[in-house]
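Take a look at the structure set out below.
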Amino acid sequence: MSEIINVSNRPLAARGPRPRKRRGVDPTTDEIKYTEAELEFMRAVDEYKRLARRPFPTWHEVLEILLSLGYRQVAQREPLPLRDKHPLRRT
């Protein structure tokens with residue numbers, strides 16, 4: 001019969017090294033060609049998450065990030081673009 005071990009009671013050294021947190025662009029998206037605008041936004045979000053120590057910013061915080069990058073609503077709202085017809089996406 002195997003013994004059940006409660007790892008939370010083991011000393012930190014016995015638990016092994018902590019896994020490193022991944023930073024930057026997700027490696028599963030290597031095949032996507034990001035535009036400069038997309039890369040700038042992803043870097044800004046990553047910087048915000050590091051500085052604020054928040055892994056998941058709220059939508060309010062995402063809007064603040066966009067505004068800090070200089071984005072402003074200057075035109076009438078248009079229908080949301082479909083993924084395959086995105087105007088900024090390079091194929």
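Between R54, R43, R50, the distinction of being within 15 Å of the chain's Cα centre (by Cα), in a loop (DSSP other than H, G, I, E, B) and at pLDDT 65 or above belongs to R54 only. Residue check: N9 meets all listed conditions (1) at pLDDT 65 or above; (2) polar (S, T, N, Q); (3) exposed (fewer than 11 other Cβ atoms within 10 Å of the Cβ) but one, namely (1).
The values are calculated or read from the model by the stated rules, or taken from the named source; none is laboratory data. None of these values were measured; they are calculated from a predicted model. Because the Cβ atoms are built from the backbone with ideal geometry, glycine has one as well, and the counts that use them run over all protein chains shown.
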